[in-house]
Amino acid sequence: MRIEPSPSGPELAQLAAFLDFQRETVLLKTEGLSAEQLAQPLAPSSLTLGGLLNHLALVEDSWFRVRFAGLPDDEPWAGIDWDADPDHEFRTAAELAPDELRRRYRETCARSREVVTAADSLDQLSVAKQRNGEHFDLRWVLLHLIEETARHAGHADLLREAVDGTVGE
């Protein structure tokens, strides 16, 4: 259920609310679609709504659990050779049922919320380092995920309109 973020309040609550709003927007764009519709690309791109959901599930786990919290890759991502198959999450989304894709995304979002809740503060630094050797803080991860999810919500809006003509929020 999409809930408009409050116009005031603590920084952590506002960042989390904006991310949740974008997460729900992406899910809204996939509701009621069949597996075939979720696998339908909008030419000339090969991007699909199902691929977006699977990608965002990976992004949630990768940034919050693995990079920030230092937890190991979880199923279904553990053991994938990303160098050999860099588009794995996009490519394999068509093999999953619509309910499975949405469930996977909801569960990864829930795991991300657990990481955020367990953090000491927005200033807590990640376990993993960036390529330049610096750690990033939780604030940065939240802002990054808001940006990533919102960008893909825009893609989802265009894809959904191409699939069945549904437009709007």
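All of the numbers you see were taken from the coordinates with simple rules; none came from a lab. If you're wondering where the values come from, they're calculated on a predicted model, not measured in any experiment. Cβ sites come from the backbone with ideal geometry, for glycine too, and all protein chains shown count toward neighbours.
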Residues of segment 92-102 satisfying the condition of being exposed (fewer than 14 other Cβ atoms within 10 Å of the Cβ) and either touching a Ser or Thr at 6+ places or on another chain (Cβ under 9 Å) or charged (D, E, K, R) (or both): Glu95, Asp99
Within segment 103-115, work out how many residues are out of contact with any helix residue (DSSP H, G or I) (no Cβ under 6 Å at 6 or more places or on another chain) and buried (at least 20 other Cβ atoms within 10 Å of the Cβ). 0
Please indicate, with yes or no, whether at least one residue in segment 60-68 is without any contact (Cβ under 8 Å) to a residue 24 or more places away in the chain and either of a type in the set (A, V, I, L, M, F, W, C) or in a loop (DSSP other than H, G, I, E, B) (or both). no
Residue under evaluation Glu75, criteria (1) assigned to a loop (DSSP other than H, G, I, E, B); (2) acidic (Asp, Glu); (3) under 14 Å from Thr149 (Cα atoms), criterion not met: (3)
Among the residues of segment 74-88, is any small (Gly, Ala, Ser) and touching a residue at least 24 places away in the same chain (Cβ under 8 Å)? no
